[in-house]
Amino acid sequence: MFDYQAPSQLLTGKVILVTGAGDGIGKTAAITYAKHGATVILLGRTTKKLEAVYDYIEQQKYPQAAIVPLNLDGAAEHDYIELANTIESEFGHLDGILHNASLLGERTSLATYDPTLFEQVMRVNVTSQLLLNQALLPLLQKAESASIIFTSSGVGRVAKPNWGAYAVSKFATEAMMQLFSSELSELSPNIRANAINPGATRTNMRASAYPEENPDTLATTEEIMPLYLYLMGKDSIDINGQSINAQ
Ligand code: NDP
């Protein structure tokens, strides 16, 4: 596991957007960031799940969260601009984005991959990240120091048969991270961009990809949080353009 002990108030005063915050790794990351003092903006497509995370954060007396129901599949440019306007008026700036939401798509060969599903996976896993970053860059530029974290995968580095659009989307995510990282170091040196490969983690997505696997043999979402904290907080201020394994 990535070795990092986060100070308890690492993210105090920070405003952080987490996509796919209703379930799996995104849910745990949102709660973990709130526990370390951040105001988290919970973005996802299932409002009920986001409300459950919001309520938990409230119960724990962490800083009050905000909910943004948004389906990244159907979202258009104006939805992202509206989101940026809301964050601007509520908080004035943004200190971090965790791009976490993803679709698995089909586990089948490219030769027979459904082109409509291919485009859907690319929209949710790749295009939405571009549109979010474009809309939110002016707010990140206002932060003293801002961190953009992308979520990669083992198949975003070496594509394995039958991982289809998902693998293509994760290669594209690695490229997007590298481009934002190098381009922003000229344009906005206060913003860094890196990627996390979570490794095999006990979530619904993992269970869909490997239905035969015993989930008890996998890392929990809580166990992989040290890297999520490290890359979001000030101890990683000099880390830029890296793709790092959480396990
Ligand atoms: P889950 O499927 O458990 O969670 C994915 C989250 O993304 C859910 O909250 C889901 O919302 C949300 N989401 C999916 N589609 C959309 C959409 N169109 N609009 C908005 N939100 C959406 O997956 P994990 O937690 O396992 O995965 C998190 C990240 O980690 C992903 O990027 C994944 O690729 C990556 N990863 C995971 C690994 C693992 O072993 N778990 C290994 C390698 C990488 P809802 O709950 O409403 O469906």
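Of the residues in the stretch 80-99, how many are over 14 Å from ASN133 (Cβ atoms) and outside any loop (DSSP other than H, G, I, E, B)? Looking only at that region, the number is 7. When the residues of the stretch 179-189 are filtered to those that are of a type outside the set (Ser, Thr, Tyr) and surrounded by fewer than 17 Cβ atoms within 10 Å (Cβ to Cβ), the one that is nearest to the ligand (Cβ to nearest atom) is LEU179. Per the listing THR112, THR127, the residue uniquely of a type in the set (S, T, N, Q) and within 16 Å of the ligand (Cβ to nearest atom) is THR127.
Only one of the listed residues (SER147, SER102) is among the small types (Gly, Ala, Ser) and part of a strand (DSSP E or B). That residue is SER147. Which members of the stretch 22-54 meet the condition of being crowded, with 24+ Cβ neighbours inside 10 Å, more than 7 Å from the ligand (Cβ to nearest atom) and assigned to a loop (DSSP other than H, G, I, E, B)? Residue satisfying the conditions is ALA38 alone. The number of residues in the stretch 90-116 that are under 21 Å from the mean Cα position of the chain (by Cα), hydrophobic (A, V, I, L, M, F, W, C) and more than 18 Å from GLY20 (Cα to Cα) comes to 1.
In the stretch 202-219, the residues that are at pLDDT 95 or above and more than 7 Å from the ligand (Cβ to nearest atom) form Cβ pairs under 7 Å with partners that are among the small types (Gly, Ala, Ser) and part of a strand (DSSP E or B), at six or more places apart or across chains, as follows: ARG202/ALA219. Considering only residues in the stretch 60-79 that are assigned to a loop (DSSP other than H, G, I, E, B) and within 16 Å of the ligand (Cβ to nearest atom), the one that is farthest from ASP23 (Cα to Cα) turns out to be ALA76.
Hey, any hits in the stretch 71-89 for a residue that's under 15 Å from the mean Cα position of the chain (by Cα) and modelled with pLDDT of 95 or more? Yes: one or more hits. The single condition among (1) buried (at least 18 other Cβ atoms within 10 Å of the Cβ); (2) within 10 Å of the ligand (Cβ to nearest atom); (3) free of Cβ contacts under 8 Å to residues at least 60 places away in the same chain; (4) not hydroxyl-bearing (Ser, Thr, Tyr) that ILE57 does not satisfy is (2).
The values are calculated or read from the model by the stated rules, or taken from the named source; none is laboratory data. The structure displayed is predicted, hence computed values, not measured ones. Cβ sites come from the backbone with ideal geometry, for glycine too, and all protein chains shown count toward neighbours.
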